[in-house]
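What follows is a short report on a single structure.
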Amino acid sequence: MTPFVAEIVGTFLLMLMGCGVNANVSLQKTFGNGSGWIVITTGWAFAVYTGVVVAGPYSGAHLNPAVSIGLAVAGEFPWESVIGYVIAQFIGAMLGAFVVWFINKDHFDATVDGDTKRAVFCNAPAIPNTLRNISTEIIGTFVLVFAVLYFTDAVLSSDNTIIGLGSLGALPVAIIVWGIGLSLGGTTGYAINPARDMGPRIVHALVPIKNKGSNGWGYSWIPVVGPILGAVLAAVIAMALQ
């Protein structure tokens, strides 16, 4: 599996399970309908874990344009690879969102409110306030990328025994995303990932959904610009603290 394919597959799994938990909690007549914020944040954390476990050995499992850009700013990732990773991440995000729509089509039809349907795919602020909304995305992504920059890899001991967690090494990033959702996610839905929001938002605009309502394009720039700014800020501060 090439890094490009790994980013597609990893981001696909992230969005399949992430948008999937949104659908399970939000759409009418699912068994998980109304189960709440803890289920959503936990589902997204496990979604991150799944994507990272699969893609990690092949691409480093960025699964997020903000992470790729932040690592490049910090000198931890080559700039010439960023565009390819971002394209792969958007492909994976859109494929994942499309499958979620397909398997939940009956539940989209059973749900009346257009905003609820859109929320399966992408984010919207609980209270619209441009400054605070973008600040939330900046801060949430800052926490993610800043922490990622301090991750350590498994190492070899003197007798060539690997010291590390293997696949469980993907767990820390899942826990961080879980914590961001629990602590900071209630105001904007914590996109903290441009592909996570914009990719599914495009799918929402393209697929046939009864009474889908607005696509929320007026807000759509915030989950793109905010995470990128947060990632760059995290990289700059991390380098300054070295």
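Every number in this text was worked out from the coordinates using simple rules, so none of it is lab data. Keep in mind it's a predicted model, so treat the numbers as computed, not measured. Using ideal geometry, Cβ is built from the backbone for each residue, glycine included, and neighbour counts are taken over all protein chains shown.
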The residue that is farthest from Val99 (Cα to Cα), considering only those in region 25-37 that are in contact (Cβ under 8 Å) with a residue 60 or more places away in the chain and either part of a helix (DSSP H, G or I) or not aliphatic (A, V, I, L, M) (or both), is Trp37
All but one of (1) more than 19 Å from the chain's Cα centre (by Cα); (2) in a loop (DSSP other than H, G, I, E, B) hold for Ser220; which doesn't?
(1)
Output the helices (runs of 4 or more DSSP H) that fall wholly within region 39-145 and possess 2 or more residues being free of Cβ contacts under 8 Å to residues at least 24 places away in the same chain and of a type in the set (D, E, K, R), or say none.
none
Flagged in region 99-119 as surrounded by fewer than 22 Cβ atoms within 10 Å (Cβ to Cβ) and either under 16 Å from the mean Cα position of the chain (by Cα) or under 17 Å from Gly60 (Cβ atoms) (or both), in numbering order, are Ala119
Would you check if Phe90 is within 30 Å of Lys210 (Cα to Cα) and surrounded by 17 or more Cβ atoms within 10 Å (Cβ to Cβ)?
yes
Can you tell me which condition Gly70 does not meet? The list is (1) buried (at least 19 other Cβ atoms within 10 Å of the Cβ); (2) on the phi > 0 side of the Ramachandran plot, and all the others hold.
(2)
